[in-house]
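One structure is given below, encoded as structure tokens.
Every number in this text was worked out from the coordinates using simple rules, so none of it is lab data. Please read these numbers as outputs of a predicted model, since none were measured by experiment. Glycine gets a Cβ as well: all are built from the backbone with ideal geometry, and neighbour counts include every protein chain shown.
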Amino acid sequence: MIVFNNVHKSFGTIEVLKGIDAEIRKGEVGCLIGPSGSGKSTLLRCVNGLESYQRGSISIDGTVVDATSRDIHSICARVTMVFQRFNLFPHRTALENVMEGPLYVLKENRKEVCERAMELLDRVGLAEKMHAFPGSLSGGQQQRVAIARALAMRPEAILFDEPTSALDPEMVGEVLQVMRALAGEHMTMLIVTHEIQFAREVADQVLFLDGGKIVERGSAQEVLRDPKHGRTQDFLKRVMHPA
Amino acid sequence: MSEFLSRSESYLPFLLQGLWLTVLVTLLALCLATNIGLLWALFRTSSVNLLVVPTRFFVEFVRGIPLLVLLFYIYFVAPEIGVNLTAFQSGVLGLALAHSCYLSETFRAGIEAIDKGQIEAARSIGMRRPLMMRRVVLPQAFRIVLPPYGNNIILLLKDSSLVSVISVTDLTMQGKMLASSTFDNMTVFTLVAFLYLCLTIPLNLLMRRLETTMGVGG
């Protein structure tokens, strides 16, 4: 589904991705973990063309992602993204935020879009907040609207860029619960996260990135419970026992 | 005082004719300047160098010329190259051109103030730039630029008095003619100033009202 083939990316003279090879299969949940600055977010942002890469290729169901091409928009519509800071449109209600894509990008029928958007908001537990503006919603609620917005495009895969990092601790659970449900429905997801416990539960594949390279990969069991590599062990120790 | 009032009464119809023309010139120029200014701002913020560079040059160029000179140019010089405009048309065009350049900078500031995350969010649901501008960026930028935009409208209204110099019979022109035929400078120009204030003060209040109403709900 999403195939990385020797992906290289630099910002100026600094190489942030040094040859990434990986594959996320259809219906699979991939978790990208690693210390900050390791290139996980950059890698994720290359998938839907928010960043360009210099060498190698990323393809989605055989279509190569090229941030400079004119078709990049159709890739974005197929693989949507959920951001750390939600990025809801503040001048539109929760319902309008969810409807925006299908209505104006996919140009679907307004009535059907509205019904589906209401269903989606109901699914993320926010049916009663559909006419609220983002400013009046909590972080957790905003992120759930953002997930509904990403789902409304009927994407082939969803990218999550540290979806819980900007949340107060008590709101992390409600967002993870929605994501857990999606994993249960075999939505293809690629998640950058620091929630190791969550990754253990849902990930079919865990990729540990450090210094722009995949240092270790495997099932959640292999990488998170029984890491082989010293750097993975160090990282997990620090994340699990910060003090 | 009573003398002032009785004189005013006889001057007023004449001045009101001018006031009407001032309003007309201002509204037409504002409409044009807003649209053209938005176009410049969109060009300036695009990633196409072929649009960015000439626009920047043009805006800097026009902003560097006094409005009065610009009006003279359109009214007196343009006919020599075969472009014949009436005084009224020249006035509207000159005001619109000059203010489109001021407004474009205001609009550009508004567009650039939009959080990058908004643009990424719009892109990540497949929006192309025109749609993103229309649905995401401009509605938010509009709120940001409302106060400076209101300020610009008032400046434009006051600048419209310059068209009197190329013989448009606006409020200022009518005042000048009235003053030179009656020698009653005191009454006439007091009235002229008062009539301008009758336009600018309500406009100010309206803009402030609009800012408060636009502030809620988002």
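Per residue, the convex hull spanned by the alpha carbons of the stretch B:156-203 comes to 60 Å³.
Here the relative contact order of chain B, from alpha carbon pairs under 8 Å that lie six or more residues apart, stands at 30 percent.
Each of A:K40, A:K107, A:K18 was scored by other Cβ atoms within 10 Å of its Cβ. Listed from fewest to most, they are A:K107, A:K18, A:K40. The stretch A:85-102 and the stretch A:157-196 have Cα centres separated by 19 Å. Against the compact-protein benchmark of 2.2 N^0.38 Å, the Cα-based radius of gyration of the stretch A:104-243 scales to 1.21.
The loop-placed trypsin sites (Lys or Arg not before Pro) in the stretch A:150-243, going by DSSP, that have at most 14 neighbouring Cβ atoms within 10 Å of their Cβ come out as A:K228. Taking GluC sites (Glu not before Pro) across the stretch A:146-228, the ones in a DSSP loop with at most 13 further Cβ atoms lying within 10 angstrom of their Cβ are A:E185.
Each of B:C31, A:C76 was scored by other Cβ atoms within 10 Å of its Cβ. Listed from fewest to most, they are B:C31, A:C76. For the stretch B:138-193, chymotrypsin sites (Phe, Trp or Tyr not before Pro) meeting the loop criterion (DSSP other than H, G, I, E, B) and having at most 11 other Cβ atoms within 10 Å: B:F183.
Percent of C-alpha pairs per 10 Å bin in chain A, short distances first: 8, 32, 35, 20, 5, 0. Note on the stretch B:2-215: the C-alpha convex hull projects to 14.6 nm² when averaged across all orientations.
Of the Cα atoms belonging to the protein assembly as shown, the radius of gyration and Dmax stand at 30.0, 101 Å.
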